[in-house]
Amino acid sequence: MGDVLSQNEIDNLLNALTSGEVDVEEIKNTKEKPVKNYDFARPSKFSKEHLRTMEIIFEHYGRLLSTNLPVFLRKNIQVEVMNSEAVTYMEFSNSLSNPVLLGIVDFSPLEGSIIVEMASNLGFAMVDRMLGGTGEPLDKVRDFSEIELLIIERVMTSCVDLLREPWENVLDVHPRLERIETNSQFAQIISPSEMIAIVTVNIKIGDVEGLMNICLPFITLEPVMDKLNTKFWYSSQKEKAGDSYADSVEALISRAKIPVKAVLGNSKITVADFSQLQVGDIVRLNTKVDEELDVFVGDIKKFQALPGASGNDYAVRVTQIIREEQ
């Protein structure tokens with residue numbers, strides 16, 4: 001309630017109006033502060049900044065899907081993030097049709113679960129492709145059999161495992177597929193009035209196209225909401241790229257296994273002599289005992305070495321490194 005004017009203040013105001021010191025029209029044109037409507041049934045817990053950051057995360061996820069799913073399906077996969085929006089869980093569940101593919105994903109260490117909903121035509125196309133078909137969906141929609149669900153679970157488990165890398169700048173999550181539901185009534189993971197963010201991804205498997213919706217409840221993401229902004233995201237990406245990219249590449253190369261062989265020498269014999277070789281026969285080589293051996297890394301000669309032994313094993317001691325210019 002506004003302040004109540006005293007009698008002296010009222011008299012001073014009337015005198016000011018009479019003398020012209022205060023303009024009545026000027027008082028009338030004073031702009032009021034705009035009032036923003038607030039829907040208590042749908043509180044805006046996700047800002048545009050939050051939704052945009054999640055789109056960036058799932059764009060990264062889409063790139064991982066497009067490179068990993070072809071390993072299972074042996075077919076070209078195209079993935080594109082369509083949009084993101086904040087709705088109530090009731091609106092999401094009411095929009096689902098049966099049968100539906102709902103993957104309930106434990107999003108540890110965050111509390112609660114998220115839902116990965118995949119179009120049924122994509123599920124049937126995956127099953128057909130995994131069983132040796134061309135990857136065509138069914139003409140008539142029906143319920144999934146137990147065998148089909150096991151095949152889809154294998155593919156969806158791989159898709160869920162890929163969620164870890166896109167989220168690592170926000171939190172080190174360990175997603176795990178708990179189960180697959182084909183009826184939306186059995187996937188009530190939160191209250192119907194709770195707010196969720198939905199990121200819609202379009203997946204194209206060959207000529208078959210369908211949507212995958214990722215449902216992210218606010219109560220699950222609440223502990224990391226302050227990190228879901230583009231400023232934090234890009235700063236983390238830049239720091240990570242500058243510090244660890246070269247180290248990661250070097251670590252991957254250092255773990256690569258390559259064959260190394262030392263050639264004792266060469267010899268030419270006839271096929272007849274070769275066919276009659278017995279244990280204990282001696283083959284004369286074109287090298288001497290004290291000569292250096294050629295050591296090959298892959299098919300490239302890289303070292304000169306002398307033969308010897310290390311314990312009970314044969315070995316060579318590198319005496320010279322052969323550079324490219326040599």
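The values are calculated or read from the model by the stated rules, or taken from the named source; none is laboratory data. All figures in this text were calculated on a predicted structure; none of them were measured in a lab. All Cβ positions, even for glycine, are placed from backbone atoms using ideal geometry, and neighbour counts span all protein chains on display.
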Check: Taking the range 294-314, which residues are within 49 Å of the chain's Cα centre (by Cα) and closer than 29 Å to Asp273 by Cα?
Finding: Asp294, Val295, Phe296, Asp299, Tyr314
Item checked: Matching residues, the range 269-314, being of a type in the set (D, E, K, R) and either within 25 Å of Lys257 (Cβ to Cβ) or loosely packed, with under 10 Cβ neighbours inside 10 Å (or both) -> Asp281, Arg284, Lys288, Asp290, Asp294, Asp299, Lys301, Lys302, Asp313
Next item on the list: Among the candidates Phe58, Phe72, Phe40, Phe92, single out the residue that is modelled with pLDDT under 85, within 30 Å of Glu194 (Cα to Cα) and either more than 20 Å from the chain's Cα centre (by Cα) or surrounded by 12 or more Cβ atoms within 10 Å (Cβ to Cβ) (or both).
Entry: Phe40
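Yes or no: the range 149-156 includes at least one residue that is farther than 25 Å from Asn94 by Cα and surrounded by 15 or more Cβ atoms within 10 Å (Cβ to Cβ).
Pass one, the range 149-156, residues farther than 25 Å from Asn94 by Cα: 150-151, 154-155.
Filter again for surrounded by 15 or more Cβ atoms within 10 Å (Cβ to Cβ), leaving 151, 155.
Yes: one or more hits.
Which of the residues belonging to the range 164-202 are aromatic (Phe, Trp, Tyr), in a helix (DSSP H, G or I) and touching a residue at least 40 places away in the same chain (Cβ under 8 Å)? Write out each step before concluding.
Just the residues of the range 164-202 that are aromatic (Phe, Trp, Tyr), to begin with: 167, 186.
Still in the running and in a helix (DSSP H, G or I): 186.
Within the range 164-202, no residue meets the criteria.
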